[in-house]
Amino acid sequence: MRAQLPVAEAGGTVRVGDAPEPVPAADEALVAVEAYSVNRGETFQLDGRLDRRWPGWRPGKDVAGTVVRAAADGTGPAAGTRVVAHPPAYGWAERAAVPVHSIAALPDSVDAVTAAALPLAGITALRLLRAAGPVAGRRVLITGASGGVGHYVTELAASSGAAVTAVSATRERGARLLELGAHAVVTSPADAQGPYDVVLESVGGDSLPAALARLAPGGLLVWFGQASRDPVTLDFFDFFKGPAQARIAHFDYTRADTTYADELTTLVRLVASGRLHPEIGSVRDWSRTADVVADIRARRVRGNAVLTVG
Ligand SMILES: NC(=O)c1ccc[n+]([C@@H]2O[C@H](COP(=O)([O-])OP(=O)(O)OC[C@H]3O[C@@H](n4cnc5c(N)ncnc54)[C@H](OP(=O)(O)O)[C@@H]3O)[C@@H](O)[C@H]2O)c1
């Protein structure tokens with residue numbers, strides 16, 4: 001079959017080539033992929049910054065399509081079921097094997113392009129909000145908000161009653177966030193009014209210290225990414241003189257007491273009932289995947305980027 005193969009050019013990208021047919025384990029369904037999305041984390045895998053321990057690694061964590069062969073152990077969706085899925089890898093391909101604990105069925109009202117935008121960013125958003133604790137009536141600051149995770153977190157937090165301030169490079173990139181319920185969009189955490197009960201930080205560099213300084217006493221900063229790739233420098237004495245008893249929390253979306261299927265079922269239900277609106281800034285044929293990887297690196301995509309497999 002055809003698949004996107006990693007190549008070392010241009011800091012790590014892909015090209016279409018031949019790959020072996022997937023060989024599903026007993027608890028895996030074989031999915032014919034109709035659409036997949038590209039996440040910033042996968043650009044970090046392509047350039048070697050993030051883990052790619054799977055044998056013969058190829059990228060691809062977010063897919064939507066149709067089950068062509070159900071799992072041999074009899075669990076999970078039947079052949080012919082339209083699904084969204086979150087395999088650990090290998091998803092940017094014509095077919096992918098996916099564990100049944102990482103698959104949810106799709107209703108007719110949710111198309112493959114919309115579904116493909118859901119997994120990694122949407123699962124992360126749900127789990128981030130659980131890590132943040134109750135947000136009803138709370139003030140929440142989200143950095144890197146114009147990205148895939150940021151749009152989902154903003155809409156979910158705002159609809160849960162939070163007053164969300166979203167940070168985006170430009171007001172234009174942040175425009176949709178206001179429509180999704182953000183209270184305010186600012187172009188730098190230094191411009192955010194605060195104080196905030198919760199900060200969700202994923203940019204790194206100067207962004208984290210600036211956002212940390214805007215926490216309310218007892219507030220929580222969840223540190224979940226470093227999109228800029230710039231390391232963070234923190235001065236203890238600034239933190240010491242800052243909000244009393246503030247906390248910084250580690251976050252890894254893969255660690256949870258729920259399955260990906262549980263989260264995907266929630267996300268699909270929210271989309272189908274009109275309560276979650278994926279922001280898909282780019283939809284292209286999968287032959288353009290390398291261009292999309294470059295666009296994500298250059299901050300040219302708003303929300304999610306989806307590729308359709310012809
Ligand atoms: N810890 C975890 O388990 C976990 C899970 C998922 C994602 N993540 C991380 O969370 C972050 C967000 O993920 P995502 O998929 O939403 O990424 P994304 O779609 O690329 O969004 C990241 C946003 O960061 C902003 N940004 C600010 N400064 C930047 C810079 N110098 N370079 C690049 N982007 C910059 C960009 O918005 P503007 O251009 O508007 O500023 C961009 O839209 C990423 O770092 C990702 O690796 C972590």
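Each residue, T259 and R130, gets one label point 7 Å from its Cα in the Cβ direction; the gap between the two is 1.4 nm.
Treating r as the C-beta distance of R53 and A294 and R0 as 35 Å, the FRET efficiency rounds to 0.90.
Normalising the Debye intensity of region 1-153 to I(0), with uniform scatterers on Cα atoms only, and taking log10 at q = 0.10 Å⁻¹ returns -0.39. Placing unit charges on the Cβ atoms only, positive for Lys and Arg and negative for Asp and Glu, gives region 124-250 a dipole magnitude near 280 debye about its Cα centre.
Within the listed set R269, R49, R138, the Gaussian network model of the chain (springs between alpha-carbon atoms below 10 Å) gives the highest mean-square fluctuation for R49. Indicate the gyration tensor shape class of region 1-42 (rounded, prolate or oblate), computed on the Cα atoms with a ≥ b ≥ c the square roots of the eigenvalues: a/c under 1.5 is rounded; otherwise a/b larger than b/c is prolate and the rest oblate. In terms of gyration-tensor shape, prolate. Counted over region 184-310, the DSSP beta bridges are approximately 5% antiparallel.
Ordering I248, G74, V293 by the projection of their Cα atoms onto the charge dipole of the chain, which places +1 on the Cβ of Lys and Arg and -1 on the Cβ of Asp and Glu, puts I248 at the extreme positive end. Less than 13 Å Cβ to Cβ from V68, Lys/Arg counted +1 and Asp/Glu -1: what total charge do the surrounding residues give? Counting the neighbours of V68, the net charge comes to -1.
Looking at region 124-250 alone, DSSP beta bridges between its own residues are antiparallel in about 0 percent of cases. The share of alpha-carbon pairs in region 124-250 lying farther apart than 24 Å comes to 16%. For region 197-310, the C-alpha radius of gyration divided by 2.2 N^0.38 Å, with N the number of residues, is 1.37. Residue-normalised convex hull volume from the C-alpha trace of the chain: 122 Å³ per residue.
Placing one equal scatterer on every Cα of region 217-263 and applying the Debye formula, the log10 ratio I(q)/I(0) at q = 0.19, 0.21 Å⁻¹ is -0.80, -0.88.
When DSSP beta bridges are restricted to pairs lying wholly in the chain, around 55% turn out antiparallel.
Each Lys or Arg adds one and each Asp or Glu subtracts one; over the other residues with Cβ under 13 Å from the Cβ of R299, this totals +4.
Taken as entire DSSP H runs, the helices of the chain that both span 15 Å or more between Cα atoms along their own long axis and average 1.0 or more on the Kyte-Doolittle scale are 119-132. Taking amide H as placed 1.01 Å from N in the peptide plane, G91 has its amide H under 5 Å from the amide H of G60, K61, each at least 5 places away in sequence or on another chain. In terms of other Cβ atoms within 10 Å, V14, V199, V38 run from fewest to most in the order V14, V38, V199.
What separates the Cα centres of region 57-92 and region 199-274 is a distance of 30 Å. Computed from the C-beta positions of T75 and H183, the FRET efficiency with R₀ = 45 Å rounds to 0.55.
Bear in mind that the values in this text are calculations on the coordinates, not laboratory data. This is a predicted model, so every value here is computed, not measured. We place every Cβ from the backbone using ideal geometry, glycine too, and count neighbours over all the protein chains shown.
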